[in-house]
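Some notes on the structure that comes next.
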Amino acid sequence: MIARLTAGLATLCLLSAPVFAQGAAKPTDPQIAHIAYTAGQLDIEAAKQALEKSKNKEVRDFAQDMVRDHTEVSKQALALVTKLKVKPEDTSRALTKQAAAKRDELAKLNGAAFDKAYVANEVAYHKTVNGALESTLIPSANNAELKTLLQTGLKIFQGHQQHAEHVAADVK
């Protein structure tokens, strides 16, 4: 259930704006940059929660990697958001609210239950983000800097997905 909720949240993040509707125009570079930044920030917040709650070394190491890597990519995305003069959109505000609700749900869990739920969320989140990067965001990006950032991010996030799957297999 938790993995399904996270997959739904990630899908909402990446595909909920009206421009993503079937048959609609592809997302614009400012929309893509804002989506990339928001998705990174949400994963940083989730990882910080894991660092506060988890005592499992493998989960904590993974969360530290998420904070480090997503912070770096988010810095680059923020620079592009600023350069492209992107304004926050209602879908981003709604997404942030939903992510806060998800963190509240995870906050009620402790120990191994939290660890399993957090890692399951990370697997689902990265699968969804990677799929959206490959199928929608990278092909839709026109700005060369944005496209390069997304391609670099995809390689990093594919590694995150593999790492999360490995941790999920080990967390008891």
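In whole Hz, with x marking every Gly and Pro, tabulate ³J(HN,Hα) for segment 124-130 from phi via Karplus 6.51 cos²θ - 1.76 cosθ + 1.60, θ = phi - 60°.
My calculation for segment 124-130 gives 5, 4, 5, 4, 5, 4, 4 Hz in order.
Compute the accessible area per residue over segment 129-172, keeping the other protein chains in place, probe 1.4 Å, unit Å². Before the final figure, lay out the partial values.
Values: 2150 Å² over 44 residues.
I get 49 Å² per residue for this part.
Tell me, what is the 1.4 Å probe accessible area of Ser135, in Å² to the nearest 10?
80 Å²
Return the subset of Lys116/Lys147; Lys102/Lys172; Lys53/Lys83; Lys26/Lys85; Lys83/Lys127; Lys55/Lys102 for which the Cα-Cα distance in this structure is over 25 Å, preserving the input order.
Working: Lys116/Lys147 34 Å; Lys102/Lys172 22 Å; Lys53/Lys83 36 Å; Lys26/Lys85 19 Å; Lys83/Lys127 29 Å; Lys55/Lys102 20 Å.
With Cα atoms farther than 25 Å apart: Lys116/Lys147; Lys53/Lys83; Lys83/Lys127.
Apply the Karplus curve 6.51 cos²θ - 1.76 cosθ + 1.60, θ = phi - 60°, to the phi angles in segment 133-141 and return the couplings in whole Hz, x for Gly and Pro.
Coupling constants for segment 133-141: 4, 5, 8, 10, 5, 5, x, 7, 5 Hz.
The values are calculated or read from the model by the stated rules, or taken from the named source; none is laboratory data. None of the values given here were measured: they were computed from a predicted structure. Just the protein is used for accessible areas: all its heavy atoms, side chains included, with ligands, DNA and RNA removed. Shrake-Rupley method; radii C 1.70, N 1.55, O 1.52, S 1.80 Å.
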